[in-house]
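The values are calculated or read from the model by the stated rules, or taken from the named source; none is laboratory data. Keep in mind it's a predicted model, so treat the numbers as computed, not measured. Here the Cβ is made from the backbone with ideal geometry for all residues, glycine too, and neighbour counts use every protein chain on show.
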Amino acid sequence: MTKMNDPLLRVDNLTMMYGDRIGCKGVSFELRPGEVLGIVGESGSGKSTLLRSISAQQEPTKGRVEYQTRIDGTRDVYEMSEAQRRLLMRTDWAFVHQNPRDGLRMNVSAGANIGERLMAVGDRHYGNIRSSADNWLGKVEIASERLDDLPSTFSGGMQQRLQIARNLVTSPRLVFMDEPTGGLDVSVQARLLDLLRGLVHDLNLAVIIVTHDLAVARLLSHRLMVMQQGKVIESGLTDQVLDDPQHAYTQLLVSSILQN
Amino acid sequence: MEQTVNNPADNTSAYNFAYLDEQTKRMIRRTLLKAVAIPGYQVPFAGREMPMPYGWGTGGVQVTAAVIGPKDTLKVIDQGADDTTNAVSIRQFFAKTANVATTEKTAEASIIQTRHRIPEKELREDQVLVYQVPIPEPLRFLEPRETETRKMHALEEYGLMHVKLYEDIARHGHIATTYAYPVMVDDRYVMDPSPTPKFDNPKMHNMAALQLFGAGREKRIYALPPYTKVKSLDFEDHPFEVQSWDDECGMCGARDSYLDEVILDDKGNRMFVCSDTDYCSERQDAGHRGQQHHDQPLGGPKSSPSSEKAAE
C-alpha cells in the first residue's frame, strides 16, 4: 500500500543532452501526494525539457524517473512497457498544455472531449459518460448548455478550463502543467488560478507546474525550483525562495518583477 | 509457371491469367495468408496500378485476381446490383482476362466481389466474398496520423472509436453512423467493414464464407476467416441496431431486405426496392409480388397514388 509519506514521484540525477548541448543536467527531487512543485526560470533554461522527460514524453540521456503506481508499487517509467506507460499517462497522470488546442480535440464537442478518457478506460454507458462530463463542466465553471458545443466556439479561457476538466475526469494523482496561464489576459488568468488552486486542494493533486510567471508560482506552488542553463540553481519553499533569494540569478529574477 | 488466356480476337495470348503477373499474385496471396491469420488486422501490400481509377475497386480487383482460378464462377455487385456500371465492367474484365464463368446468381458463384453490400442470401463455406474498400482505417476520423493509429491498434487503445459514436448521439440523439460502422473482430481488432450499410454488419458475424477486404489506394488488405466473431461497437444504453423500413419492396414485397429509395417523378412519388437485384428477381420468379410490380393490377389492394404512377 502507498503510504502518505512515500514520495509519489522520484527524479534521480536526470540529464537530457541534445548532442553536445545541455537540455537539463543532474536534476533530482521528490514529490509527495498533494504537493505542488513550481519550476521557474527564463526561456531556454530547460524547464520544458525537464517536464517532458519527467512526464515520459522524451527519454532522458541519463537518470531515472520513478513513480509510485496504484497497483504495481514504485516503477521506473522508462522501464515500463509502452502499453503500461500510455495507460498511466491517460489515467493516473494528466498533462495540461499551454495552448489548449494541443490538448483538446477541436472537431468533437466539449462533452466528447471530457468523455474521451472515460471511454479510453472502458466506460461504455453513454448516460454515465455524459453526466460526468456535465458534472465536470460545472466544476470548471462552464455552463451545462455548452456541453454539445465544439471547443472552437469557446473563448481562450474556456478552452483552457475545458482542457483541465478533460484531464481531471479520470481522477489523476499527478498533473503536469506547462505554462497553463500563458496567453490569457490578466483577469482570466486570475480566475483560472483561483479555480486551479481550488481543484488542487479539493482533489489532493500532486502538480508539477512550469511557468516563467513568478506570481503564478507564488500563488499555486508549495515548493519552487529555479533553473538556469539546464541546472537547478536554487530550490526550497516558495515563500522562502521568493522572499529571501540566495542565488544571484534568483535575486535578479525576483527583483525584475514590478513592485507596487 | 505462366498461365495465359487466349485473346479470342486474334488467338494471341494478350494477358497473363487474371491480368496480374504471377509474382504479384504470389505477393498478394502471402498478404492474404497473413490477413487471415490475424483477423481484422490491416496488412500492407504493394498495390499495383490497375487499368481502372482508384475508387473503382482496384483493391478488390487485385484480391480477386490473386484468388481466382479457371474453374471459378464470378459474381460482381455494386450497391447490391449486378447491372450497374462498376459491376458490369469488373465482371467483363475477369471474363476477358481470366476467361472464367460469370453469374448473377448468388448461389452459383464461388467468388463474389462486392462494393457496399453483402448478398441477402446466406453464403456458404465454399464461397469467398471480396470487398472493395476505400478507407480501411476506422480510427482515421479522429486521428489523422498513421503512426499513431498503428500504435493504437497494437496497444488496443480503442476509446477513440467510442468518442465518434458519443459525438453521433450528442448531435443526433442516436448513433447516426449508417455505413462503415466499426466492428470489433474476434475481441481484438477494431475494423472498418468498408462502406457497407450497418444493416449488413450482423451478416459478417460467424459467416461461413471467407471474407477478404482490399483497399487499392491505401494499399491494405484485411480478412475475416469463416466463423469469426464480429461485434458492432455500441453503448450499453444505446445498443447497436440496424435500419428498418416502413415500406416493403415495391417489386417483390420483401420486408427483410435492404431497400433503396427510388424517386419516380418530380411530384413526390417514390418507391422502395430491394438493393440486392438477384434476391429480388428470385423472389419475383417464385411468385412474390410487390405493390408496384407491373403484374399488379391497377387499383389492387391498398393501392396508393404512388403505386398507380409506378405501374407501367
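Worth pointing out:
- Which numbered condition residue B:135 misses (of (1) within 20 Å of residue B:41 (Cα to Cα); (2) among the aliphatic types (A, V, I, L, M); (3) within 14 Å of another protein chain (Cβ to nearest Cβ); (4) surrounded by fewer than 19 Cβ atoms within 10 Å (Cβ to Cβ)): (3)
- Enumeration of residues in segment A:118-132 that are at the interface with chain B (Cβ under 9 Å from one of its Cβ atoms), in a helix (DSSP H, G or I) and exposed (fewer than 15 other Cβ atoms within 10 Å of the Cβ): A:127
- The combined condition, being away from chain B (no Cβ under 14 Å) and either at pLDDT 90 or above or within 17 Å of residue B:159 (Cβ to Cβ) (or both), is fulfilled by residue A:135.
- Number of residues in segment A:34-90 that are of a type in the set (A, V, I, L, M, F, W, C) and assigned to a helix (DSSP H, G or I): the value is 7.
- The set of residues in segment B:65-74 that are closer than 11 Å to residue B:111 by Cα and either touching a residue at least 60 places away in the same chain (Cβ under 8 Å) or of a type in the set (A, V, I, L, M, F, W, C) (or both) comprises B:65, B:67, B:68, B:74.
- Residue in segment A:65-94 that is surrounded by the most Cβ atoms within 10 Å (Cβ to Cβ), counting only those that are within 14 Å of chain B (Cβ to nearest Cβ) and hydrophobic (A, V, I, L, M, F, W, C): A:88
- Residue, farthest from the other protein chains (Cβ to nearest Cβ), within segment A:99-116, restricted to residues that are surrounded by fewer than 18 Cβ atoms within 10 Å (Cβ to Cβ) and out of contact with any Ser or Thr (no Cβ under 7 Å at 6 or more places or on another chain): A:99
- Scan of segment B:223-247 for residues that are touching a residue at least 24 places away in the same chain (Cβ under 8 Å) and either of a type in the set (Ser, Thr, Tyr) or away from every other protein chain (no Cβ under 14 Å) (or both), ordered by number: B:223, B:224, B:225, B:226, B:228, B:229, B:230, B:232, B:242, B:243, B:245, B:247
- Pair list, Cβ < 7 Å and 6+ apart or interchain, from segment A:44-64 residues that are crowded, with 19+ Cβ neighbours inside 10 Å to residues that are assigned to a helix (DSSP H, G or I): A:56/A:85; A:56/A:89; A:60/A:53
- Taking the criterion of being assigned to a helix (DSSP H, G or I) and either free of Cβ contacts under 8 Å to residues at least 60 places away in the same chain or more than 16 Å from residue A:114 (Cβ to Cβ) (or both), the residues of segment A:144-161 that qualify are A:144, A:145, A:146, A:151, A:152, A:153, A:156, A:157, A:158, A:159, A:161.
- Hey, residue B:201 more than 14 Å from chain A (Cβ to nearest Cβ), within 17 Å of residue B:120 (Cα to Cα) and over 15 Å from the mean Cα position of the chain (by Cα) or not: no
- Within segment B:166-195, restricting attention to residues that are more than 8 Å from chain A (Cβ to nearest Cβ), modelled with pLDDT under 95 and not in a loop (DSSP other than H, G, I, E, B), the residue that is nearest to residue B:78 (Cα to Cα) is B:179.
- Within segment B:84-103, residues that are farther than 23 Å from residue B:275 by Cβ reach partners that are assigned to a loop (DSSP other than H, G, I, E, B) and hydroxyl-bearing (Ser, Thr, Tyr) with beta carbons closer than 7 Å, at six or more positions or on different chains, in the pairs B:97/B:19.
- When segment B:204-222 is filtered for residues that are at negative phi and either within 14 Å of chain A (Cβ to nearest Cβ) or of a type outside the set (A, V, I, L, M) (or both), the ones remaining, listed by number, are B:205, B:211, B:213, B:214, B:216, B:217, B:218, B:220, B:222.
- Taking the criterion of being within 9 Å of chain A (Cβ to nearest Cβ) and either in contact with a Gly (Cβ under 8 Å, 6 or more places away or on another chain) or basic (Lys, Arg) (or both), the only residue of segment B:138-158 that qualifies is B:151.
- Scanning segment B:42-73 for residues that are in a strand (DSSP E or B) and within 27 Å of residue B:185 (Cα to Cα) turns up B:43, B:44.
- Note on segment B:99-131: among residues that are under 12 Å from the mean Cα position of the chain (by Cα) and of a type in the set (Lys, Arg), the one that is modelled with the lowest pLDDT is B:115.
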